[in-house]
Amino acid sequence: DFLLAEQEYAFLVEQFPRSRYTRRALLQSARAAMAAFPGIPYDDAPLIEAEERFKQYVSLYPGSAEQEGIALLLDEISETRAAKELHIGDYYVRAGHPKAGRFYFRSTVEHWPRSIAAIKAAERLEAMGETSGRESEVPANTPAERPDEEVRE
């Protein structure tokens, strides 16, 4: 049971912060929390716990974190959380609540801009007739934006 393991390892870290097993317990707590996540349609609380524990591990043990590949695990968590947010937006659109869907699509683009889910969310927003904010920003005073005015140098 990954939830129980995550809680027990977290308890060890909390109760015995100077133990020689603290580093390992913190890492195992984060891994167990990540493994406890049942999938996109379910609550992402275990992912949030895992993310916090991995970040704590990185701050306390930067050398070990690099060797353990924690940065890749944090990227994986971010991608999964972004995919979950996109999934919620898709649900609302299917349920006939496009305004709520747009909210979640915008949130995906805003919170995880470099994720695959953000690209998909931007595409969904565009299909709904809304800009996502991902396109390159052109200043409003450029000639392309104001064709009726003469360009002066």
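The values are calculated or read from the model by the stated rules, or taken from the named source; none is laboratory data. Keep in mind it's a predicted model, so treat the numbers as computed, not measured. A quick note on method: Cβ atoms are made from the backbone with ideal geometry, for glycine too, and the neighbour counts reach across all protein chains shown. When the accessible area is computed, the model is the full protein with side chains, heavy atoms only, and any ligands, DNA or RNA have been set aside. Shrake-Rupley method; radii C 1.70, N 1.55, O 1.52, S 1.80 Å.
I'd like to know if region 67-78 contains one or more residues that are of a type in the set (A, V, I, L, M, F, W, C), open to solvent by 50 Å² or more (accessible area, probe 1.4 Å), over 10 Å from the mean Cα position of the chain (by Cα) and within 27 Å of GLN56 (Cα to Cα).
The answer is yes, given that some residue of region 67-78 is of a type in the set (A, V, I, L, M, F, W, C), open to solvent by 50 Å² or more (accessible area, probe 1.4 Å), over 10 Å from the mean Cα position of the chain (by Cα) and within 27 Å of GLN56 (Cα to Cα).
To keep it simple, each residue is scored yes or no on (1) assigned to a loop (DSSP other than H, G, I, E, B); (2) at pLDDT 95 or above; (3) more than 27 Å from ALA32 (Cα to Cα); (4) not small (Gly, Ala, Ser).
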position	(1), (2), (3), (4)
LEU72	no, yes, no, yes
LYS84	no, yes, no, yes
ALA100	no, yes, yes, no
THR142	yes, no, yes, yes
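Name the residues in region 93-126 that are among the aromatic types (Phe, Trp, Tyr) and surrounded by fewer than 18 Cβ atoms within 10 Å (Cβ to Cβ), would you?
PHE103
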*Kindly indicate whether any position in region 57-64 is outside any helix (DSSP H, G or I), touching a helix residue (DSSP H, G or I) at 6+ places or on another chain (Cβ under 9 Å) and either more than 24 Å from ALA117 (Cα to Cα) or at pLDDT 95 or above (or both).*
yes
*Restricting the search to region 103-113, which residues are out of contact with any Ser or Thr (no Cβ under 8 Å at 6 or more places or on another chain) and either at pLDDT below 95 or under 11 Å from GLY89 (Cα atoms) (or both)?*
PHE103, TYR104, SER107
*Going by the structure shown, is GLU137 at negative phi, at pLDDT below 50 and among the charged types (D, E, K, R)?*
yes
*Take ALA35 and decide whether it is hydrophobic (A, V, I, L, M, F, W, C) and either free of Cβ contacts under 8 Å to residues at least 24 places away in the same chain or touching an Asp or Glu at 6+ places or on another chain (Cβ under 9 Å) (or both).*
yes
_Identity of the residue in region 1-30, within 30 Å of ILE88 (Cα to Cα) and without any contact (Cβ under 8 Å) to a residue 24 or more places away in the chain, that ends up least open to solvent (accessible area, probe 1.4 Å)_ = GLN28
